[in-house]
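To start, the structure under review is shown below, and the notes come after it.
Any read-out appearing in this document is the output of simple, stated calculations on the displayed coordinates, not a laboratory observation. This is a predicted model, so every value here is computed, not measured. In this analysis, Cβ positions are derived from the backbone assuming ideal geometry, glycine residues included, and neighbour counts consider all displayed protein chains.
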């Protein structure tokens, strides 16, 4: 079945409801009764009870007869064995490739480190498109580019701290602090941010975040294109797609309900 056909398949209701129940139990981290689970998962209580009985029989949840509650069971671990220990980049790469193919851009996955750096750990691109390139392992200051603006917004940094980070950044065409601060404010509203020829002259960047269940930004995802390859509407479209994709990946991966130089990237054709 081709990808287009998959998008047209009608979801199986019982399976969708079962997954909602399992995701809810995985996210809360404590036992819960049928009625509470049904409300949280948006499932009819009677249907929820039958699904939970089936999941318990299959070893995916465990039932405590004393307090009539359910919690995740070891059967879930058996299902996850194939991905446990997998490099997150391997799990995220299909989404990177989709975005690269859909928009004809270089897509980058950045690991956000504890020392306020972002490190390029995965990338994807359309081989037929003219593009820029960045090497795996590339390190940049955390608050630079599109990802950096969203990170500053996500961390709700006060203006003096944003200014201190801004002063430490190096740009090929530096924005004013007022413009940078305004873009951080916009990022808080939209979930994505843009760097248009400022970090690298002639290169446009759109970035978003992947956040874990504790609200910690773990990864950044960004599109990188040559100036003029995308108009404003296309940049907004990919920004909205990146924000949605980041939220979805965060839920899937984490069970959600100083000065740095910026040498020019290499032009690829």
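Just a few scattered comments:
- With neighbours defined as other Cβ atoms within 10 Å of a residue's Cβ, the residues 194, 107 order from fewest to most as 194, 107.
- Taking label points 7 Å from Cα along the Cα-to-Cβ direction, residue 66 and residue 28 give a separation of 1.9 nm.
- Gyration tensor (Cα) of segment 20-178, equivalent ellipsoid semi-axes in angstrom: 43, 22, 14
- Taking every Cα-Cα distance in segment 10-80 and sorting them into 5 Å bins starting at zero, the pair-distance distribution P(r) comes out as 3, 18, 32, 29, 13, 4, 1, 0 percent.
- Residues 95, 240, 32 arranged by fewest to most Cβ contacts within 10 Å: 240, 32, 95
- Between residue 167 and residue 98, the simple spin-label model (points 7 angstrom out along Cα→Cβ) gives 4.4 nm.
- The fewest-to-most ranking of 200, 219 by surrounding Cβ atoms within 10 Å reads 200, 219.
- Ellipticity estimate at 222 nm from DSSP helix runs (n ≥ 4, -39,500 (n - 2.57)) divided over the chain, nearest 500: -14000 deg cm²/dmol
- Against the rule of thumb 2.2 N^0.38 Å, how large the Cα Rg of the chain comes out: 1.17
- Extension gain from residue 247 to residue 176, taking 0.36 nm per residue of separation minus the Cα-Cα distance: 22.5 nm
- Pairwise FRET efficiency - residue 53 versus residue 232, Cβ, R0 = 45 Å, nearest 0.05: 0.25
- Computed label-point distance, nm, for sites residue 139 and residue 119 using a 7 Å Cα→Cβ extension: 0.8
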